[in-house]
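Structure, as structure tokens:
The values are calculated or read from the model by the stated rules, or taken from the named source; none is laboratory data. Keep in mind the model is a prediction, meaning the values are calculated, not measured. Cβ sites come from the backbone with ideal geometry, for glycine too, and all protein chains shown count toward neighbours. Just so you know, the surface numbers come from the protein's heavy atoms only, side chains and all, with ligands and any DNA or RNA stripped out. Shrake-Rupley method; radii C 1.70, N 1.55, O 1.52, S 1.80 Å.
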Number of protein chains: 2
Amino acid sequence: MKIGELTKITKLSSHTLRYYERIGLLPRAHRSSSGHRIYDEATLTWLEFLGRLKATDMSIKEMQLYAKMRQNGPSTELERQKLLEHHRLKVRIKLAEIKTSLSVLDCKIDTYAESIKQKGKTNGRSNHK
Amino acid sequence: MKIGELTKITKLSSHTLRYYERIGLLPRAHRSSSGHRIYDEATLTWLEFLGRLKATDMSIKEMQLYAKMRQNGPSTELERQKLLEHHRLKVRIKLAEIKTSLSVLDCKIDTYAESIKQKGKTNGRSNHK
DNA sequence: CTACAAGTTAGAGTTCACTCTAAGTCAATA
DNA sequence: TATTGACTTAGAGTGAACTCTAACTTGTAG
């Protein structure tokens, strides 16, 4: 498939896709006779996985490292596993942090709800005319 | 308390604390006779809450809006509640996304574990000498 | 009294992750 | 044949959130 089709599937701009290739997140795509990039299914699968890493806030630098190891074949599998385990740990910590913050948010919202309800009551009494 | 003490408690640099004041995330701190900033408990509490917003990836722009409403007193409580509810929704979505990605990560790590175990077996057989 | 650590300001610099521009090529349609 | 639109490249520009610099003043320990 051509770059335009891939932008539709991945919601990444063609600029971004070319940028990813430039910095080594994507392997150099095959070119058509006219020099246009031709992508295959494997690239799509890889982009989907990159999306997961991005969704969990992995930095481009770390993704580049992972991508490079992947290019270097099966001998890097143990390293790759370790990189992902390390990342997973950070994500778990972040997840716990978000959960805590979310309950603080819940609490704050409840406080506002209480306060606003209270104001309503007061206004009700004082605005009787 | 002075800025140095606050940096130790909040783990934010004095640069950042002054930056926050400059952009309106923190109200202008009282100054000592010599012009040094003097912070009170309320500022610390507010910084802790800002930390929760930051931990859930609220942008500085949105925090500025919230901070401004806060400065404008109780009449903005309903607006503030709505802002937080809107933010909470985004956080919940992000949380779900992270959970999904985390299980993809688990799966990938398992795949590596399997593959490496398999390699171990093969080597064990072929390296019997 | 002298160091020196900690504070002040305005404003410049950095990093990240894109995002866009300019100038050009190529493929398909009216 | 002319135009339209998708593609190519190298490289410049952007916005977010800090982070640091320079030049200066102030507070405290020896």
Working from Cα positions, state the angle (0 to 90°, nearest 10) between the long axis of helix B:41-55 and the longest principal axis of chain B.
-> 40 degrees
If you take the square roots of the eigenvalues of the alpha-carbon gyration tensor of chain B and sort them as a ≥ b ≥ c, do you get rounded (a/c under 1.5), prolate (a/b over b/c) or oblate?
-> oblate
Heavy-atom accessible surface buried between A and B, both sides counted, 1.4 angstrom probe, nearest 100 Å², is 3500 Å²
Got a sec? Which residues in region B:35-49 would a label at B:Ile9 touch, if it sits 7 Å along Cα→Cβ and we count backbone N under 16 Å?
-> B:37-49
Output row for A:Arg18: copy-to-copy label distances, label 7 Å along Cα→C-beta, ascending, in nanometres, one decimal, is 4.2
Mind listing the label-point distances from B:Ser75 to the same position on all other copies, shortest first, one decimal in nm, points 7 Å along Cα→Cβ?
-> 7.2
Got the A:Asp40 label distances to the other copies yet, label 7 Å along Cα→Cβ, in nm, shortest first?
-> 6.9
Region B:1-71 shape via C-alpha gyration tensor axes, a/c threshold 1.5 = prolate
Cα long-axis angle, helix B:77-126 against chain B (0 to 90 degrees, to the nearest 10) | 20 degrees
Mind counting lysine pairs for me in region B:74-129? Cα separation below 22 Å, and the two need to be 8 or more apart along the chain or on different chains.
-> 11
